[in-house]
1. If you check Ser87, Ser59, Ser47, which single one turns out to be under 28 Å from Asn129 (Cα atoms) and more than 20 Å from the chain's Cα centre (by Cα)?
2. Yes or no: Gly222 at pLDDT below 90 and more than 19 Å from the chain's Cα centre (by Cα)?
3. Does any residue of region 24-39 turn out to be part of a helix (DSSP H, G or I), over 29 Å from the mean Cα position of the chain (by Cα) and at pLDDT 80 or above?
4. Looking at region 202-215, can you tell me whether even one residue there is farther than 30 Å from Gln38 by Cβ and touching a Pro at 6+ places or on another chain (Cβ under 6 Å)?
5. For Val169, all conditions in the list (1) without any contact (Cβ under 8 Å) to a residue 24 or more places away in the chain; (2) under 23 Å from Asn214 (Cβ atoms); (3) surrounded by 13 or more Cβ atoms within 10 Å (Cβ to Cβ) hold save one; what is the number of the exception?
6. Which residues, counting only those in region 45-69, are over 13 Å from Ile95 (Cα atoms) and among the basic types (Lys, Arg)?
7. Going through Leu92, Leu189, Leu160 one at a time, which residue ends up being at pLDDT 85 or above, outside the structural domain of Val209 (by TED's automatic domain parsing) and assigned to a loop (DSSP other than H, G, I, E, B)?
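The values are calculated or read from the model by the stated rules, or taken from the named source; none is laboratory data. None of the values given here were measured: they were computed from a predicted structure. Every residue, glycine among them, receives a Cβ derived from its backbone with ideal geometry; neighbour counts consider all protein chains shown.
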Amino acid sequence: MRKNPLGRGLETLIPKDDTAVNKKSPVELDITDIIPNQDQPRKVFDSDKLNELAESIKSRGLVQPIIVTKTGDKYTIIAGERRWRASGLAGLKKIPVIIRDISDEREQLELALIENIQREDLNPVELANAYKNLMEKFSYTQEELSKIVGKSRSAVANILRLLKLPREVIEAISKNIITEGHARALLGLENSSEIVEAFKVVVKKDLSVRETENLVKRIKKGENKDISEQKEDVFIQSLKSEFESFFRAKVNIKTGKKGGTIEIKFNSNEELDTIINLIRGQND
């Protein structure tokens, strides 16, 4: 039976009763003596929000201590890296911390993950990578991990599936270009190329999750009009660039259901002569 130190979630980090708090009262440490946890699940720190927090800390100080553990001659952050970073931006030399005696690497990683989950600080990709990290480092099953993080096994499995998406789509989730709901809908497609093409349609047309689900259904049925249009757009843009490079002039290509037009623009008689000569094959 594997030891589970996280049965009470954040209560193991920040006790709620006064007696427990008195036993582990905050102390002040030099900010330079504190180092981030290399296994911190959260990888993205929004610079604007960090600056906002830094301004708040400048005016009111750091109200809530961060949680650290002693590692050698430094203190590793277990919870509160965002507050630590903002404190540095605010110019603080010392900050309040609560020191926890946590020497086990697995427990450090679990606590950092729990703290971020309960504060809803992680984007879906960060969460998926954190789950994967725990499973690979400490051989957790999805069932065991679900108990630790307080989620259902299916919720854990669904998050992990996001890592199977093409890199372009994973980056879009991290940057909030699409939501987890969009990503889960795209996972219904068979191969990476279909997923990427559908993803481009979703972004271009700003589709909702429901509209994305309908797009995926149409693609699976072979009714992939949106994908065909996307491919055509890419082809037309490529052709337009090729023409503009050849004629050294602005070119517009308009397509319709039964054909279209190609317009070559010129600003002088000299430019017109150049275009005519190129068409006739006279390049001198």
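1. Working: Ser59 fails: under 28 Å from Asn129 (Cα atoms); Ser47 fails: more than 20 Å from the chain's Cα centre (by Cα).
Result: Ser87 is the single residue among Ser87, Ser59, Ser47 that is under 28 Å from Asn129 (Cα atoms) and more than 20 Å from the chain's Cα centre (by Cα).
2. In short, yes.
3. Pass one, region 24-39, residues part of a helix (DSSP H, G or I): 31-33.
From what is left, the residues that are over 29 Å from the mean Cα position of the chain (by Cα) are 33.
From what's left, at pLDDT 80 or above: 33.
Yes, that holds for at least one residue.
4. No, that holds for no residue.
5. Here Val169 clears every test but (1).
6. The answer is Lys49, and nothing else.
7. Numbers: Leu189 fails: outside the structural domain of Val209 (by TED's automatic domain parsing); Leu160 fails: assigned to a loop (DSSP other than H, G, I, E, B).
Just a single option satisfies the conditions, and that option is Leu92.
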